[in-house]
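Here the structure is laid out as structure tokens; the discussion comes afterwards.
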Amino acid sequence: GAEALATSGTSSTEGPERPGPLQDETLGVASVPSQWRGVQGIRGETKSCQTASIATAEASVQARKHVDAEVQTEAPEPVSLPSVPRYNGPQLAAFLRKVEAMVTRELNKNWQSHAFDGFEVNWAEQQQTVNCLHTLSYPPAQGQGLHVTGVSWNSTGSVVACAYGRLDDGDWSTLRSFVCAWNLDRRGLSPQQPSAVVEVPSAAMCLAFHPTRPSHVAGGLYSGEVLVWDMSRPEDPLLWRTGLTDDTHTDPVYQVVWLPEPRHSHRFQVLSVAADGKVLLWQGVGAGRLQLSAGFALAVQQLPRNTKLKKPSRGEAEVGATAVAFSSFDPSLFVLGTEGGFPLKCSLSAEEAAVTRMPSSVPLRAPAQFTFAPHGGPVYSVSCSPFHRNLFLSAGTDGHAHLYSMLQAQPLTSLQLSHKYLFAVRWSPVRPLVFAAASGEGDVQLFDLQKSSQKPTVSVKQTEDESPVYCLEFNCQQTQLLAAGDAKGTVKVWQLSSEFTEQGARETELLDQLASEVAS
């Protein structure tokens, strides 16, 4: 085909300069054999594998032994009942007529006896009288050597709070301190990790939970300030503060109390007592400020002179207040403990103006109405009986607890509970004849005047090294609990047995008798 194509080209008559006309040609098929398949075929390999032969086995099991057993009870024997003899009616009637007079005489004699008056059978299992339920602390406060200066239970009875400060000599006005709270009902309670912690710019000397709002707590500082916190707001707990004004206390605040407003019982004010001799009532207003609404001053020259008192120091114009307690029967009546050692009966209704040079935005009044016989040193604590309108307790640095009647200056009884200071005393909220005291020797003492009027029924060791116990409070909701704080920075929650929580049959009557016998 190639030769014919070449020949036809050269034999054209057109000449080399003119191409000949195009013509269709049919050519043969050209084929090129593949060398790749042959090469791959030579290199191919065939392989195979086989698993090992599988072993099989068969086995059978057949039980070859069996046991049968039978049990049969013996035939029951008939039980013969003893025959009951018929009673002799006439003889029984004659016997009853014969002993009737004697039995009646003995029953009348027992009915008139008072041998078992007040006795109640206790069917409950006997438990240890007092045991420690919790030991609470805040390590940063303990690391600074701070004391627990006050304890308080909230309105639900499930949260206990404490104030950290210092009660020994020194200037603690700029000492950073804390207010801590523990929720005892919270699952996974950690004794050294409070539920809430508030940092305070000065040593905290006292605190008190709000009567109806479980998270609101008021506190008094060494610098003289009074503050109110909301423990449910950890980021910004401060609600109100007095600030440092002419109305503010100039000495440490030793106690704060919540009081209902006279015309609005659902609203509360804060009352504070301090060593500067002033008793002040504060009301929360806008902008986070506590505003003074009323005030009293303990001027020396206006104290009632119904009992012999030590001469005040020259230049002393006011008597420092150290403690306060309000009557459960008269909301305007309260008792003050003083640095002079004598309790004062006072009234919020007093109208007499106080003779004082202390500056104040409201007129200060003189509240004292009656002066009681003094302790041998300053009074650190007072407590009014919740069951009797005329009885109150006081505790002082002379180590004595005095039981007073509002009707006479001399104490009804005086108990020496410690050879050192006595820092706190509190009536039980449920037992009329029971009270507790905190001593400078590290003891918490519980008294039951129904059992003994001279020695404690139970004395428990709060601190092993006899460091002082500074404060204590009964729980009014969970009445078996008592909290106490000490100089080691520890709060212990004591659980009381029913012996201290269940009121006896004639207990209130005995309390009335105790008050009336000595006061008459």
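The values are calculated or read from the model by the stated rules, or taken from the named source; none is laboratory data. Just so it is clear, the structure is predicted and the values come from calculations on it, not from any experiment. When we count neighbours, we look across all protein chains shown, and the Cβ atoms used for this are built from the backbone with ideal geometry, even at glycine. Each accessible area value is taken on the protein alone, full model and side chains, heavy atoms only, with ligands, DNA and RNA left out. Shrake-Rupley method; radii C 1.70, N 1.55, O 1.52, S 1.80 Å.
Residue pairs whose Cβ atoms lie under 7 Å apart, separated by 6 or more positions or on different chains, with the first residue in the stretch 329-348 and of a type in the set (Lys, Arg) and the second open to solvent by less than 20 Å² (accessible area, probe 1.4 Å), are Lys345/Val335; Lys345/Met406. Restricting the search to strands (runs of 3 or more DSSP E) fully inside the stretch 169-239 and requiring at least 2 residues that are open to solvent by 30 Å² or more (accessible area, probe 1.4 Å) gives 196-200. Residues in the stretch 341-360 that are open to solvent by 20 Å² or more (accessible area, probe 1.4 Å) and under 20 Å from Cys206 (Cβ atoms): Leu348 only.
Among the residues examined, Asp247 qualifies as crowded, with 19+ Cβ neighbours inside 10 Å, in contact (Cβ under 8 Å) with a residue 60 or more places away in the chain, assigned to a loop (DSSP other than H, G, I, E, B) and not polar (S, T, N, Q).
Can you tell me which residue is farthest from the chain's Cα centre (by Cα) among those in the stretch 250-271 that are open to solvent by less than 80 Å² (accessible area, probe 1.4 Å) and farther than 19 Å from Thr322 by Cα?
Per the stated criteria, the residue is His264.
Taken together, the residues in the stretch 157-168 that are in a loop (DSSP other than H, G, I, E, B) and closer than 21 Å to Trp494 by Cα amount to 2. For the stretch 142-156, the candidate set comprises residues that are assigned to a loop (DSSP other than H, G, I, E, B) and not β-branched (Val, Ile, Thr); within that set, the residue that is nearest to Gln477 (Cα to Cα) is Ser155.
Considering Glu473, Glu464, the condition of being open to solvent by 10 Å² or more (accessible area, probe 1.4 Å), of a type in the set (Asp, Glu) and more than 23 Å from Val324 (Cβ to Cβ) is satisfied by Glu464 alone.
Just need a number here: residues in the stretch 289-317 that are open to solvent by less than 30 Å² (accessible area, probe 1.4 Å), at pLDDT 80 or above and in a loop (DSSP other than H, G, I, E, B). Don't jump to the end; show me each part of the working.
Restricting attention to the stretch 289-317, the residues satisfying the condition of being open to solvent by less than 30 Å² (accessible area, probe 1.4 Å) are 290, 292, 294-300, 303-304, 307.
Next cut, at pLDDT 80 or above only: 290, 292, 294-300, 303-304.
Still in the running and in a loop (DSSP other than H, G, I, E, B): 298, 303-304.
Final tally of qualifying residues: 3.
Within the stretch 418-435, is even one residue open to solvent by 10 Å² or more (accessible area, probe 1.4 Å) and among the hydroxyl-bearing types (Ser, Thr, Tyr)? Yes, the stretch 418-435 has at least one match. Here Thr104 does not qualify as modelled with pLDDT of 70 or more and under 30 Å from Ala483 (Cβ atoms). Selection of strands (runs of 3 or more DSSP E) fully inside the stretch 441-520 by the criterion of at least 1 residues being more than 27 Å from Asp398 (Cα to Cα) returns 481-486, 490-496. Inside the stretch 386-425, residues that are modelled with pLDDT of 90 or more, of a type in the set (A, V, I, L, M) and over 25 Å from Pro331 (Cα atoms) make up a count of 1.
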